[in-house]
1. So, V73, is that one surrounded by 12 or more Cβ atoms within 10 Å (Cβ to Cβ), at pLDDT 95 or above and among the β-branched types (V, I, T) or not?
2. Could you look through segment 115-146, keep only residues that are free of Cβ contacts under 8 Å to residues at least 40 places away in the same chain and not in a helix (DSSP H, G or I), and pick out the one that is nearest to the chain's Cα centre (by Cα)?
3. Against the definition (farther than 25 Å from N41 by Cα, outside the structural domain of A37 (by TED's automatic domain parsing) and touching a helix residue (DSSP H, G or I) at 6+ places or on another chain (Cβ under 9 Å)), how does A131 come out, yes or no?
4. Tell me which residues, restricted to segment 22-75, are part of a loop (DSSP other than H, G, I, E, B), in contact with a Gly (Cβ under 8 Å, 6 or more places away or on another chain) and under 30 Å from M109 (Cβ atoms).
5. Name the one entry in T78, T98 that is part of a helix (DSSP H, G or I) and assigned by TED's automatic domain parsing to the domain that holds A18.
6. Kindly evaluate V25 against the criterion of being free of Cβ contacts under 8 Å to residues at least 40 places away in the same chain and in contact with a strand residue (DSSP E or B) (Cβ under 7 Å, 6 or more places away or on another chain).
7. Do we have A85 as under 15 Å from A14 (Cα atoms), small (G, A, S) and either touching a strand residue (DSSP E or B) at 6+ places or on another chain (Cβ under 6 Å) or surrounded by 11 or more Cβ atoms within 10 Å (Cβ to Cβ) (or both) here?
Amino acid sequence: AGVQLVASCDLAYAADSARFSTPGVHIGLFCSTPMVALSRNLSSKHAMEMLLGGDMVPASRAAEIGLVNEAVVPDVLTDTTMAMARKIAAKSSLTLATGKRAFYAQREMTLAEAYEYASDVMVENMLARDAEEGIGAFIEKRSPLWQDA
């Protein structure tokens, strides 16, 4: 269940001492529910390696294959995650929601459909008040004041 949770997250950071596995195959059970999240976040070969082998994957390898963003020493794990959280929290929540929704929606589309959809999202995003504020702040070399509109 831990691998499924990590693979379901938008971002994941791990202590370099962490290990991840889908061990069901060792006892005659295929980890089919973790498979869903793994297959959507890792390459097929990396997901299958975890699912078919059932071995413990060290955090450094999990970072290499994209299961986690980064593996860090335990002493800086909280600082690392909080720095990313602060960075994201400083952005327009409207822009983040727009982007996250578009990211997941386009993954289920054909390439042509995805580009058409992304173009429509870009136009909609450009018309938002926060885009106007962000562009203005950039030009004026100041921090933006997001209104989430």
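1. Against the criterion (surrounded by 12 or more Cβ atoms within 10 Å (Cβ to Cβ), at pLDDT 95 or above and among the β-branched types (V, I, T)), V73 does not qualify.
2. The extreme case among them is A128.
3. When the stated conditions are applied, A131 passes them.
4. T22, F30, C31, L42, S43
5. Checking each option against the conditions leaves just T78.
6. When the stated conditions are applied, V25 does not pass them.
7. Yes.
Results for (1) free of Cβ contacts under 8 Å to residues at least 12 places away in the same chain; (2) touching a Phe, Trp or Tyr at 6+ places or on another chain (Cβ under 9 Å); (3) surrounded by fewer than 16 Cβ atoms within 10 Å (Cβ to Cβ), shown as yes or no for each residue.
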| position | (1), (2), (3) |
| --- | --- |
| S8 | no, no, yes |
| C31 | no, no, no |
| K45 | yes, no, yes |
| L51 | no, yes, no |
| G54 | no, no, no |
| N69 | no, yes, no |
| L77 | no, yes, no |
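The values are calculated or read from the model by the stated rules, or taken from the named source; none is laboratory data. Because the structure is a prediction, the values reported are computed rather than measured. Cβ coordinates were reconstructed from backbone atoms using ideal geometry, including for glycine residues, and neighbour counts include every protein chain displayed.
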